[in-house]
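The values are calculated or read from the model by the stated rules, or taken from the named source; none is laboratory data. Everything numeric in this text was worked out from a predicted model, so none of it was measured. Cβ atoms come from the backbone with ideal geometry, glycine included; neighbour counts cover every protein chain shown.
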Amino acid sequence: MKHMSANQAPETATALQVLQQRILSCRLCQQHGYLASAHPIVSGRATDRVFVIGQAPGHLSVARDTPFSGPGGRILQRWLEQAGFPPGYLHDATYLSSLTRCDPGKNRNGNGDRRPSPQEMALCRPFLDAELAIVRPVVVLLVGTMAIEAFFGKMRLQEVIGTYQVRNDMFLLPLPHPSGVSRWLNEPAHQQLLQTALAILQQWRTQFD
């Protein structure tokens with residue numbers, strides 16, 4: 001595993017600041033009629049070595065201008081602690097991103113959050129690719145089916161959780177969605193796959209210092 005210096009060049013931090021401002025100013029989904037009102041959010045620093053990619057921010061995250069502000073964020077922080085990271089690491093030292101940057105809103109049937117459409121994800125994807133190119137994290141956590149499929153293609157969770165890939169010197173680790181709504185983790189065998197993934201992350205964690 002490569003060792004990332006905590007002191008990146010000032011121009012890197014400046015480039016990220018410019019990019020994040022572009023994201024915050026983006027209204028493409030609103031202009032294309034996918035959202036009634038766009039409210040993108042960003043969170044992270046150029047020196048972050050762990051980069052989290054989720055599906056999309058929920059209403060709590062948008063209200064607080066902080067990704068992973070809801071129950072899923074608390075579960076993800078708990079997983080990080082199981083892998084040896086300190087309390088608060090998720091929001092204090094992790095770059096938090098997602099396939100789309102605005103809250104897609106609720107499903108029309110009122111059951112859970114709406115999944116971003118392929119068109120919305122296509123509009124946002126250049127921002128995500130640019131973030132990865134600037135930050136160059138050591139570890140990328142792909143959280144949930146949509147984030148995993150965006151990088152690995154279509155596959156079942158049980159085929160990919162507990163494995164990882166290396167791309168462009170980055171370690172991509174898939175994780176299930178940290179949501180109480182998801183029933184995937186109710187299976188003991190799936191819980192074991194999650195523990196395997198967290199054990200891999202823990203091995204990488206020892207090389208951060």
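Screening 25, 37, 43 for residues that are of a type in the set (S, T, N, Q) and closer than 23 Å to residue 85 by Cβ leaves exactly one candidate, 43. For the stretch 131-155, the set of residues classified as more than 10 Å from the chain's Cα centre (by Cα) and closer than 30 Å to residue 11 by Cβ consists of 131, 132, 133, 134, 135, 136, 137, 138, 139, 150, 151, listed by residue number. Scanning the stretch 167-199 for residues that are closer than 22 Å to residue 84 by Cβ, over 17 Å from the mean Cα position of the chain (by Cα) and of a type in the set (A, V, I, L, M, F, W, C), we see that the one that is surrounded by the most Cβ atoms within 10 Å (Cβ to Cβ) is 193.
Among the helices (runs of 4 or more DSSP H) contained in the stretch 103-188, which hold 3 or more residues that are more than 25 Å from residue 35 (Cα to Cα)?
Numbers: elements: 118-135, 145-152, 157-160.
Qualifying helices (runs of 4 or more DSSP H): 118-135, 157-160.
Is it true that residue 99 is over 22 Å from residue 204 (Cβ atoms), at pLDDT 95 or above, of a type in the set (A, V, I, L, M, F, W, C) and touching a strand residue (DSSP E or B) at 6+ places or on another chain (Cβ under 8 Å)? Yes: the conditions hold for residue 99. Applying the set (1) more than 19 Å from the chain's Cα centre (by Cα); (2) over 21 Å from residue 89 (Cβ atoms); (3) among the polar types (S, T, N, Q) to residue 207 leaves exactly one unmet item: (2).
Do you know which residues across the stretch 80-98 are touching an Asp or Glu at 6+ places or on another chain (Cβ under 8 Å) and either over 21 Å from residue 133 (Cα atoms) or crowded, with 20+ Cβ neighbours inside 10 Å (or both)? It would help to see each step written out before you state the result.
Within the stretch 80-98, the first condition is being touching an Asp or Glu at 6+ places or on another chain (Cβ under 8 Å), and the residues that meet it are 87, 89, 93-95, 97.
Matches in the stretch 80-98: 87, 89, 94, 95, 97.
Per the listing 129, 113, the residue uniquely acidic (Asp, Glu), surrounded by fewer than 19 Cβ atoms within 10 Å (Cβ to Cβ) and at pLDDT 95 or above is 129. Restricting the first member to the stretch 151-179 and to residues that are at positive phi, and the second to residues that are aliphatic (A, V, I, L, M) and surrounded by 12 or more Cβ atoms within 10 Å (Cβ to Cβ), the beta-carbon pairs closer than 6 Å and six or more apart or on different chains are 162/193; 162/197.
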